[in-house]
Amino acid sequence: MSLIRWVFLESLPALGVVLFVSNFWLLVWWRRGGSARPLLASLGISGVLLIVQVVVTTQREHAARVLGAIEQGVPRADVSGLDAALASSFAAGPMSRAEFVNLARSRLQDIKVNTVRRLSLEIAESGVSRFVALAAYQCDIVHPDFGSGWVATGWRFTFVREGEAWRIAEIDLPTVNGVKLGSWREK
């Protein structure tokens, strides 16, 4: 189901390839003596599918957009994207929204992040006003105590709708190189 959703709702290039191949096949069939009706119907359906893909935004696309704004700021040690992405009711363990933003700001001052790569983004739970996204990242970092290198992290984000926008309401403790952190204060 996720492949179908990705092709028909999230990836314009993939949908374009599917529509081109099917319409090309129908064009060849018509030119070899078949009826033109299937080709005309397919062209109409293709237009509708392209419009639907442009109009419909999936929860995965919402999450990717919100997380993308955060990811862009990380190498610059800029937490404004994070601050804008958090819901007013945000919580990360015992920390409030302001405490979490301050913790992120101080960690980005201590640890230099050169590159952030999102490896995967999946929707784990889905509802009308709430969904959970799982994201895996690979980051090239320079840590004052541990040196430099690539670090793999896994995150669980709970998104809620605030007005017309999706915001992050909760971030669970991440895994770092496969090990779950014991607290938010760990480096």
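The values are calculated or read from the model by the stated rules, or taken from the named source; none is laboratory data. All figures in this text were calculated on a predicted structure; none of them were measured in a lab. Ideal geometry is used to build each Cβ from the backbone, glycine not excepted, and the neighbour counts take in all protein chains shown. Areas reflect the complete protein model, heavy atoms only, side chains present, ligands, DNA and RNA absent. Shrake-Rupley method; radii C 1.70, N 1.55, O 1.52, S 1.80 Å.
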Could you list which residues have their amide H under 5 Å from that of LEU86, counting only those 5 or more apart in sequence or on another chain, with H placed in the peptide plane?
ILE168
Only loop residues by DSSP count here, and only those with at most 15 other Cβ atoms within 10 Å; note down the chymotrypsin sites (Phe, Trp or Tyr not before Pro) in segment 111-168 that meet that.
PHE146
Could you report segment 92-140's accessible area per residue, 1.4 Å probe, as an integer in Å²?
54
Report, by chain and number, residues whose modeled amide H sits under 5 Å from the one on LYS112, excluding near sequence neighbours (fewer than 5 apart, same chain).
VAL142
Exposed-site-free run, longest, the chain (rule: GluC sites (Glu not before Pro); DSSP loop; at most 12 other C-beta within 10 Å):
1-163
Expressed as a whole percentage, what fraction of the accessible surface of the chain belongs to carbon and sulfur atoms when a 1.4 Å probe is rolled over the protein heavy atoms?
61
At LEU173 and VAL17, where each label point lies 7 Å from the Cα along Cα→Cβ, what is the point-to-point distance in nanometres?
4.1
Using a Förster distance of 30 angstrom, determine the FRET efficiency expected from the C-beta separation of TRP25 and VAL56, and round it to 0.05.
0.70
Helix 12-31 axis, angle to the chain major axis (alpha carbon atoms, nearest 10°)
10
How many angstrom lie between the Cα centre of segment 113-136 and the Cα centre of segment 3-77?
22
Taking Rg and Dmax of the Cα atoms in Å straight from the coordinates, which label in (1) 24.7, 77; (2) 21.7, 73; (3) 15.9, 50 is the correct one?
(2)
At 0.36 nm per residue, and after removing the present C-alpha to C-alpha distance, how many nm does the segment from SER106 to ALA77 gain when stretched out fully?
9.5 nm
Phi-based couplings in Hz for segment 137-147 (Karplus 6.51, -1.76, 1.60; Gly and Pro marked x)
10, 10, 10, 9, 10, 10, 10, x, 9, 10, x
Phi-based couplings in Hz for segment 74-89 (Karplus 6.51, -1.76, 1.60; Gly and Pro marked x)
4, x, 8, 6, 9, 9, 5, x, 5, 4, 6, 7, 7, 6, 5, 9
What is the calculated FRET efficiency for LEU181 to SER88, with r their C-beta to C-beta distance and R₀ = 25 Å, to the nearest 0.05?
0.50
For SER120 and PHE146, FRET efficiency with R0 = 30 Å and r from the beta-carbon atoms, rounded to 0.05?
0.75
C-alpha long axis of helix 97-110 to longest principal axis of the chain, angle in °
80
Angle between the chain longest axis and helix 37-55 axis [Cα atoms, degrees, rounded to 10]:
20
For the chain, the dipole about the Cα centre with charges only on Cβ (Lys and Arg +1, Asp and Glu -1), to the nearest 20 debye, works out at 560
As a test of the formula, what do you get for the chain when each DSSP H run with n ≥ 4 contributes -39,500 (n - 2.57) and the sum is divided by the residue count, at 222 nm and rounded to the nearest 500 deg cm²/dmol?
-13000 deg cm²/dmol
